[in-house]
1. With a point put 7 Å past each Cα toward its Cβ, work out how far Ala4 is from Leu154 in nm, to one decimal.
2. Among Ser115, Ser68, Ser146, which comes first, then next, by fewest other beta-carbon atoms within 10 Å?
3. Using the Karplus equation 6.51 cos²θ - 1.76 cosθ + 1.60 (θ = phi - 60°), what ³J(HN,Hα) coupling, rounded to whole Hz, does each residue of the stretch 195-201 give in order, writing x for Gly and Pro?
4. Report the extension gain between Ala88 and Thr291 in nm, rounded to one decimal, defined as 0.36 nm multiplied by the number of residues separating them, less their alpha carbon distance.
5. May I ask you to evaluate 6.51 cos²θ - 1.76 cosθ + 1.60, the Karplus curve with θ = phi - 60°, for each residue of the stretch 120-131 and list the ³J(HN,Hα) values in order in whole Hz, giving x for glycine and proline?
6. Tally Lys/Arg at +1 and Asp/Glu at -1 over every other residue whose Cβ is under 13 Å from the Cβ of Ala182; what's the total?
7. Please sort 232-239, 217-224 by packing, taking for each peptide the average over its residues of neighbouring beta carbons within 10 angstrom, highest first.
8. Within the stretch 163-197, which residues have the backbone N less than 14 Å from the label spot 7 Å out from Arg239 along Cα→beta-carbon, could you tell me?
Amino acid sequence: MKPAPFSYHRAGDAAEAASLLAELGDDAKVLAGGQSLIPLLALRLTRFDHLIDLNRAADLSGIEVTSSEIRLGATVRQTDVVRSSALADTLSLLPLASQQVGHFQIRNRGTVGGSVAHADPAAEYPAVAVALDAAVDLLSASGSRSVSASDFFLSTFVTAIEPEELLTTLRFPVWGERSGFAVEEAARRSGDFAIAGAVAGVQLGSDDRISRAAIALFGVGSTPVRIAAAEAGLIGQARSELTESALAELGRLAVEGVDPPADVHASARYRRHLAAVMVARAVRHAVESGTPEARR
């Protein structure tokens, strides 16, 4: 099938895009990478009278790394995140997660902001944003505001973005030295959406005990799920104490209270089991990657 007819608008910058959204109202949709929007339009699962193309808006692109914060423009390509040496050195969870997104053809066009705004509960970027306490910057013709990732995702494909708002930037705090990160997911085939997955970050103190932890699940609910109980259970643990049995117990703790959906891909029980295994693997690999030996 082909998309229903629409009018095409090319925004020169973020302000122009926000102005067009205010002028055109609910009949308009922004176009970034188009890896989710174009198939939906082509199958006529949705339609809009106006598409606002963001790809010429230079102020929505770019990766900026400071000593305390990482700023990703909404239209940064996923493949650029994979290739960024600055991100690999400061917050490796971003390129690690990007490598798991679809296939390289998708990553070449797909954008970070588009994935977060689309809010697919089985996608990697929303879980990364929640786990790392990211801030989501939004712009409208009447002003700007920032929303924490924990408040941004409301339900499947539903976010805190108002109809006339535009996602402009994602901001992530920098963790510092002796930090390690990992993404683990189970899918039917490489490149498919995850049946269940986990992202993890840990920071080791000088005594080799975990001083900071972040864990989030994806694919097990209508939004990413931050696992505060498992994070608290990790704080103070020595690296040497994280045996396979201890990690398995941590995985079981992480999925307590999680009520995943059942579908053609997996039962709720199997999805919960996978999530526990993914947590254990992600934490183990995060701890391993945070050691000085791993960085040599």
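1. A separation of 2.2 nm, rounded to one decimal place.
2. Details: Ser115 26, Ser68 8, Ser146 12.
So the residues, fewest neighbours to most, are Ser68, Ser146, Ser115.
3. With coefficients 6.51, -1.76 and 1.60, one gets 6, 7, x, 9, 10, 9, x Hz.
4. Details: separation 203, 0.36 × 203 = 73.08 nm, distance 1.51 nm.
Contour length minus the Cα-Cα distance gives 71.6 nm.
5. Per residue, the Karplus-derived 3J(HN,Hα) values read 6, x, 9, 8, 7, 4, x, 5, 4, 4, 5, 4 Hz.
6. That works out to -2.
7. Numbers: 232-239: 15.5, 217-224: 25.0.
Listed from highest to lowest mean packing, they are 217-224, 232-239.
8. Within reach of a label on Arg239: 177-181.
Here, each number is a calculation from the coordinates, and none is a lab measurement. A quick note: this is a predicted structure, and the numbers were derived from the prediction, not measured. Every residue, glycine as well, gets a Cβ built from its backbone with ideal geometry; the counts of neighbours run over all protein chains shown.
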